[in-house]
Every structure is written in C-alpha cells, then in structure tokens.
Protein chains: 2
Amino acid sequence: MVFELKCSKCRRKFDLKVNKWRCDCGSPLNLEISEYPKVENFSELIKDGQNIWRYSALLPFKEGVTLGEGLTPVLNKKIAEKEVFFKLEYFSPTGSFKDRGAALGVTRAKEIGVRTIVEDSSGNAGLSYSAYAASANIKARIYVPFDAPIGKRALMRACNAEVVECKTREEASLRAISELKNDEIYVGHTWDPFFLEGMKTEAFEIFEEKIQVDSVIVPTSSGSHLLGIYRGFEDLVKMGFLDEYPEFYAVQAGGITPIYDRIYGEWRGEKGDLADGLRILQPPRLDQILDTIKRTNGDVVVVDNEEIISGMKELYQMGLIVEPTSATAYAALKKIRDVKNPLVPLTGTGIKTVDKIEKIINIPL
Amino acid sequence: MVFELKCSKCRRKFDLKVNKWRCDCGSPLNLEISEYPKVENFSELIKDGQNIWRYSALLPFKEGVTLGEGLTPVLNKKIAEKEVFFKLEYFSPTGSFKDRGAALGVTRAKEIGVRTIVEDSSGNAGLSYSAYAASANIKARIYVPFDAPIGKRALMRACNAEVVECKTREEASLRAISELKNDEIYVGHTWDPFFLEGMKTEAFEIFEEKIQVDSVIVPTSSGSHLLGIYRGFEDLVKMGFLDEYPEFYAVQAGGITPIYDRIYGEWRGEKGDLADGLRILQPPRLDQILDTIKRTNGDVVVVDNEEIISGMKELYQMGLIVEPTSATAYAALKKIRDVKNPLVPLTGTGIKTVDKIEKIINIPL
C-alpha cells in the first residue's frame, strides 16, 4: 500500500511527513493510494479492535491515537416510503463524526513530532481535536467564532485546549493560519487530507456490514464528511469490491449555499441558520465537492429553518437525540425524489445544542 | 431457556407478563433463569446486529426496541500501575449506560400492551426512557427532582415526555408510584428486574471480546448498574463459561452512603454531591448489593468532592468527556489497593453536565 501526498490542482508531490496544510500554489492537498493491497475479501484487510484503526491496512498510519471512535450503529427505518439507513455518528468520543478525522490529524502531528496542533472550528471539530490532543499529550489551540455553543467551548478548555474566540467563523480560519508558529501544525479539517482518510472509515463500516446503499445524503459545509465518505467508496471501487459509487447529495442550509450557487445560481430562499455546523462561505475543496456530486449523479439540496425544525421534531419523536445540523440531512431526504436506499449520517448529538432546543422545538427550558 | 419472575424475598412466582413493579410483600422482583441453553461456545448464542439484542438468546424477549445501544468500546490504560479497562458507556443513544436497561423496560411495556410508562429519575434514566418510549410510540411520564440538569429535562420534553418536577429525588419516587394509573406501567429502574437484564449485556460484551477482568468498579446509587453487570457474570458462570466472579466494588459519594453505612457504620467524611447521579438514600435492592459485594470479596468505597474533581480533571486530560458521576469510579480506583485488571464503566457523557464544568474544574464558561 503506497500513499502519496499530492496537490489537487498542480499535482506537485510532497513527502508524507511534510508539515504543510496546502500546496505552494494555494490548492488543497490530497492523499492518493497508488498501490492497493491485493486480497480476495475485504475482511482480510480488517484487524481486531473496536475503533477505526481496525482498517489501518487502508490508512496512512499503521496505528494511532484512539478514543474509541468508529463502528457507529446503523438504524434502518422506513421514511416517506424509502428504506433509510441512519448512521449514528453521535456515538463517538466527543459526540460528532469529527472524531474519526481528528484521530488521524492528531496521529499525524505525533508522527511528525510536532507538539502543538492548531484548528479553527464552529465547535464540534474544536472539541474533537481538543480531546484527541489531550489523549496524545499534545497541546491544542482552537479558534472559534464567539457565538460557538458555550458548552463546546467549556469542554475544550476542560481538555486543556487554548480557546481563541473570534468575531466570525471566517476570522477564526484566517487567524488560525496567520498566527501559526513554525513548530506547530495546522490541522484545519476544511483543508487537511488526513482528516478525509479518517472519515472514509464510515464507508468501510457500511461495506463490512453488507449494507447496500445507493445514495448518501450529507450535511455539507467544508465537505470533509461528504468527501471523506467518497474516499472510502473510492478505495472500495478501486480494489474491485464495488462496481459503482452511490449518488452523493450535499445538503446546505439557506443563507450559506456556495455549492448550490455554483450549480444553479444564487439561492434566494429562506435562511437555515439553525444549522450552526454549516457556516463555511468558501469551502477550500469546493471544486472537489462539485466534482463528486456530478460524477456520482447526485445533487445539492438546500433546506431552511422551517424544514430543519420539522426534521428535528420528527427525529426526536423517533428517540434520536441529534443536533440541528443533523436534521438538515433528514429534511433533505424528504425532498429528494426517487432516492434509493439512502445512507443518512446523523452527524452530532443534540445534547451539545440543548440551549437551542427551546427555540427549535418550542420546548420551555 | 426459561425465565422466571420471582420475589427476591418470599420467592413468590409471577407470570412474566404481569404488570407489577414489586412483590405483594413489598420486596423487589428478580428475573431468574431456570434452564440455560446448552452450547459449547458463547459465540453460538450471539446473533448478528449492532445492539444488545444480539444477546437475545439470554434475554427475556427474542427481539425488542433498539436505538443502537450496547457494544460500547473499551479503552485499556495503565493507571496507578494497574491495567484498567474503561468501558465507554457514554457511547449510547442518550449518552448513558441507562439505555441498555431502558431498551428492555420499554420492550416489556410493549409486550404487555401498556401505552404509558412511568419513571422517576435524577436525569439520565428519564432521558433514556423518554427516547425509547418515543421510538416505540409509547407515552412517557417522568418524575424528576426540580434541580435535575436543565438540559436533561429539555431533551425529555423534546422526545414528547411529560416531565413532572418534584422537590426532591425521594418525592419523585413516591409520586411516580402513587400517581400511577391502572393502564400504565411503572418501569422505575431502581426496582425493575427487566432493567437489570438489559444491563447484563455489558458483561457479555467484555466476555465476547475476551477481556480478562478480575474486578468491577461501579458508581452505585440504586445498584442497577452493579447488579446488572453481576447478572451477566452470573449467566456466564452458570453456563460454565467462567469459573469465578470478579470482585465487585460499589462506589458511593460522601453524604449519601447507605451501602457503606450498613457495612462499616455511619460515614463521617466530606460531601460528594457533585456526583448528581448518586442520590438514592434507600436503594430498594440494598440487600442484594451487600450480598454481591460480600459474595465476590469486593468492597464499598466512598469518595468526596475533592476526589471527584481531581478524577474529572485527569479524565478530561486523557480526552475522556465524562459526567462527574463517572469520575467517582475513577477516583475510587486510585484508592483501592491490590485491585487487579479492573473494569471501570464510564457511565455518562460530560456534555450533559456542562453547566457544572466551571464549578468542577475551574473553567470559566
């Protein structure tokens, strides 16, 4: 198995241990596999163990930091006459899918020998990196918008992270990069290709459990979740275990719709700002997201606050305690016609966003 | 496999489908297995599936309500020169171990055909039953002390539960029972033997993963967690898969120490009231807890707030986002001499108790 770290645009190649978060040409880096292991069955590639490192034969590190991430359960439900597979990504060390990627990001920092990781985040990723850094005895500095949920910020500090509060999500990104010192590493999940390698384990789990999904519906901000799952299916297709890709549907929230805008022109509907995890105006990997949607015959779907609220209500009434961002995928699912056997990751726990419950589902606190 | 529902004291036998929460003599009921399946290997008893119903060959129902509970990861760490197995019970539908038991409790209500469950809880169990009832399309009425964490109460309501706020934890128990109607079922986890059958799956998972534990250290209030894990080991011993039981250590928090008081006389140390999950003054199954400790050569350990705070700090600095109640077991672990290969369940997520983080680990919110 040979991994290559390459620029997604100019194709320049870098050493796997380089401390770089993008190419000198300004484009995101990709991890590509040039030689796959030759096996008859996927199961030959899987190790024992209850975390994502069971798939280390297909990861850029043989072993790494773990807090028990991965192997999230799948709930099968009939929704709007569709057979739906909810992947419960909130069963995780810090309550969101980000833990899969953070495990890789922090492992990489350790491998390079860097003692401080730097990240910017609307909340979930920051908590995830804080926890993994703590477990690896590495320092974390996290830049967040000042209005990131208070609970997420307090928990980051409890894990010993330095939390830097910024005016906006964009300022958080800019400062994380501009204040980076030479002996630190920027692991920003909107850029980091190692994060995507962590996320791809979600696809491996679906395949290992023999669940036939024909589409994937993912809340999309930086695209790290959508592109990560796609990376997993890419490995499975390239090794010959699958013939084709599921259709990839990106879900955006009204008001912040860079993917929709590029495909269909400016979106003019209502706001969807209850989805506090979907706030990135200019995703670095936008071209890759568009390419994935197109290549898999998928689409982009925009939902607004009314749809998010009604999605939240229905999910809670199924006993699924999710954050508003997760409800966007559920709301989108109901709008997409003819979608078959969709995988719908429920991205994060609603326990973190309990301060929004009152506003969202009209429950007095 | 034959289950019998029997009084723990007068041994009177009841039909498995009776709607009763205790014996007419006032004592708790037990579920006992009179005939075990005859198999060579434990694995023959296990079904496919990523939830506790994989063990339904040893449960009182062939299948049941699920939200993906069980199969929680184990983290192996060296703490105070002991090989420790943390079982991450916060990887669960509502963020605590209670989900294993609630799955059974709500399944039982469905089997009997009752449309409303009634529970009293300091918070975690109430949320758990609310979510499972919602998923089974059954009503839930939950009695809580008025100072149960606000987040837990809001999430219960989001799952459509009726939440009744009481002056104290004791009043919650009394009212839950006294206001019960004939067509409702009281599933109070401090009494319910079906809850224990759900909890025993934790022991099965440890055995299935071939983890050798010689002791179990559990925060103990009603004892449902400790007794549930014991029930699992009991099945394994009686089927001949294990020769002996691990030592069971019950952990209490200073101020509410009914187990300690019965063994050693009144406890006179500092308070441990940061452990908001350990509040039951008179556990209905106190005799069974004492018997389990004695029979397995275990003990009771009391911790105070200072020890809980220092335990919390250390757990967060390992990236383990737990509630204060979980930290009691960790704090106890460090106090018990000569304990070997302990299993330490980390009972619930710290995300629910974020309002306490400031007080506990001196983090400004």
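Taking 20 °C and 1.002 mPa s as conditions, chain A diffuses translationally at an estimated 105 µm²/s according to Stokes-Einstein applied to its Kirkwood radius (Cα pairs). The mean sequence distance of close C-alpha pairs (under 8 Å, at least 6 residues apart), as a share of the length of region B:98-192, puts its relative contact order at 33 percent. Between copies, the label points of residue A:265, set 7 Å from Cα on the Cα→Cβ line, lie 8.7 nm apart, reported in increasing order to one decimal in nanometres. Peptide B:158-165 has a mean of 4 when you count, residue by residue, the C-beta atoms of other protein chains within 10 Å of its C-beta. Determine the sum of side-chain charges near residue A:106: Lys and Arg each +1, Asp and Glu each -1, restricted to other residues whose C-beta is under 14 angstrom from that of residue A:106. Net charge in that neighbourhood comes out at -1. Evaluated over the Cα positions of region A:98-193, the convex hull gives a direction-averaged projected area, one quarter of its surface, of 5.2 nm². Exposure proxy shown here: for A:337, B:100, the number of other Cβ atoms within 10 Å sets the order, fewest to most, as A:337, B:100. Based on the Kirkwood approach, the hydrodynamic radius assigned to the protein assembly as shown is 26.0 Å, with every pair of different Cα atoms included. Note that region B:169-270, at 20 °C in a medium of 1.002 mPa s, gets a Stokes-Einstein diffusion coefficient of 136 µm²/s from its Kirkwood radius over C-alpha pairs.
Across region B:2-45, Cα pairs under 8 Å and at least six residues apart give a relative contact order of 43 percent. DSSP finds beta bridges in chain B, and of those with both partners inside it, around 35 percent are antiparallel.
Sorted shortest first, the distances from the residue A:40 label point to those of the same residue in the other copies are 2.4 nm; each point sits 7 Å from Cα along Cα-to-Cβ. The mean sequence separation of alpha-carbon pairs under 8 Å and at least six residues apart, normalised by the residue count of region A:43-101, gives a relative contact order of 24 percent. This ranking places A:164, A:322, A:114, B:251 by how few other beta-carbon atoms lie within 10 Å of each, fewest first, which gives A:164, A:114, A:322, B:251. Computed across region A:2-45, the Kirkwood radius stands at 11.8 Å (inverse of mean 1/r, all Cα pairs). Prolate is the label for region A:12-102, because the ratio a/c of its alpha-carbon gyration tensor axes (a ≥ b ≥ c) is 1.5 or higher and a/b is greater than b/c.
Descending by average beta-carbon neighbour count within 10 Å, the peptides A:167-175, B:255-263, B:129-137, B:178-186 line up as B:129-137, B:255-263, A:167-175, B:178-186, the highest first. Counting, for every residue in A:227-235, the Cβ atoms of other protein chains within 10 Å of its Cβ and taking the mean gives 0.
Between amide H atoms placed 1.01 Å from N, distances below 5 Å from residue B:69 occur with B:52, all of them 5 or more places distant or on a separate chain. Fewest-first ordering of B:86, B:204 by other beta carbons within 10 Å of each residue's beta carbon gives B:204, B:86. Within 10 Å of the Cβ of each residue in B:149-156, the mean number of Cβ atoms contributed by other protein chains is 5. Across region A:236-311, the fraction of Cα-Cα pairs farther apart than 16 Å, rounded to a whole number, is 54%. For the peptides B:68-76, B:8-16, residues were scored by their other Cβ atoms within 10 Å and the scores averaged per peptide; the highest-first order is B:68-76, B:8-16. Kirkwood's formula applied to the C-alpha pairs of region A:196-341 gives a hydrodynamic radius of 15.5 angstrom. Would you mind telling me which residue in B:289, B:138, B:150 has the biggest mean-square fluctuation in a Gaussian network model of chain B, where springs connect alpha carbons within a distance under 10 angstrom? Result for chain B, Cα springs under 10 Å: B:150 fluctuates most.
With the Cα gyration tensor of region A:81-139 giving a ≥ b ≥ c as the square roots of its eigenvalues, does the rule (a/c under 1.5 for rounded; else a/b larger than b/c for prolate; else oblate) give rounded, prolate or oblate? It comes out prolate by the Cα gyration axes.
For residue A:77, the label point sits 7 Å beyond Cα toward Cβ; its separations from the matching points on the remaining copies run 3.4 nm, from shortest to longest.
Read-outs: derived from the displayed coordinates by stated rules, not from any lab. These numbers were taken from a predicted model, which means no experiment stands behind them. Methodologically, a virtual Cβ is constructed for each residue, glycine included, from the backbone with ideal geometry; neighbour enumeration extends over all protein chains shown.
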